[in-house]
Amino acid sequence: MLIGKGFNKKCEKILSEAAEISDYESGYKISVEELNKNLDFGRKEIRYYFEYMSDQKLIELTTIGGPFLYGHITLTDKGIAKIKAIQKSSK
C-alpha cells in the first residue's frame with residue numbers, strides 16, 4: 001500500500017497528541033474521544049489511521065466501543081521512539 005505525505009502527517013499528529021496526553025508513557029490507556037478533541041478527524045478517517053499505525057506497531061488498539069469504533073489506544077515503545085525522532089528532527 002502506498003501511503004502519501006498527507007496521510008503520514010496526520011498519523012504524526014495523532015502520535016504527537018497521544019504522546020502529550022500519555023506524557024510519553026507507553027502502555028498508558030488513551031481515550032480516543034479525548035485524543036480526537038483537538039484533532040477533529042471523522043470516525044472513518046481516524047479508524048484508518050489507527051489501523052495503519054497498529055499494523056506498524058506504533059500503537060495498540062486496547063478497547064473497542066464508543067463513537068470512533070475504538071475506545072482506547074496505547075502507544076508502544078516503537079510509537080514513542082517514532083514521535084520523539086520526528087519532534088527532534090523538526091527542531
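The values are calculated or read from the model by the stated rules, or taken from the named source; none is laboratory data. Please read all numbers here as calculations on a predicted model, not as lab measurements. Note that each Cβ is placed from the backbone with ideal geometry, even for glycine, and that neighbours are counted across all protein chains shown.
Would you please name the residue that is nearest to Ala81 (Cα to Cα), looking only at residues in the range 22-42 that are under 11 Å from the mean Cα position of the chain (by Cα) and of a type in the set (A, V, I, L, M, F, W, C)?
For the range 22-42, the residue satisfying everything is Ile30.
Tell me, yes or no, whether the range 34-44 has at least one residue that is surrounded by 12 or more Cβ atoms within 10 Å (Cβ to Cβ), under 12 Å from Ile73 (Cβ atoms), modelled with pLDDT under 95 and among the polar types (S, T, N, Q).
Checked against the condition, which is being surrounded by 12 or more Cβ atoms within 10 Å (Cβ to Cβ), under 12 Å from Ile73 (Cβ atoms), modelled with pLDDT under 95 and among the polar types (S, T, N, Q), the range 34-44 yields at least one hit.
With the requirement that a residue be touching a Leu at 6+ places or on another chain (Cβ under 6 Å) and assigned to a helix (DSSP H, G or I), what does the range 51-77 give you?
Matches in the range 51-77: Ser54 only.
Write out, first by first residue and then by second, each pair whose Cβ atoms fall under 8 Å of each other, whose residues are 6+ apart or on separate chains, and whose first residue, in the range 9-25, is of a type in the set (Asp, Glu) while the second is not in a helix (DSSP H, G or I).
Within 8 Å, the pairs are Glu25/Leu75.
The conditions are (1) in contact with a helix residue (DSSP H, G or I) (Cβ under 7 Å, 6 or more places away or on another chain); (2) assigned to a helix (DSSP H, G or I); (3) modelled with pLDDT under 95; (4) not basic (Lys, Arg), and Phe7 fails exactly one of them. Which is it?
With (1) in contact with a helix residue (DSSP H, G or I) (Cβ under 7 Å, 6 or more places away or on another chain); (2) assigned to a helix (DSSP H, G or I); (3) modelled with pLDDT under 95; (4) not basic (Lys, Arg) applied to Phe7, the lone miss is (1).
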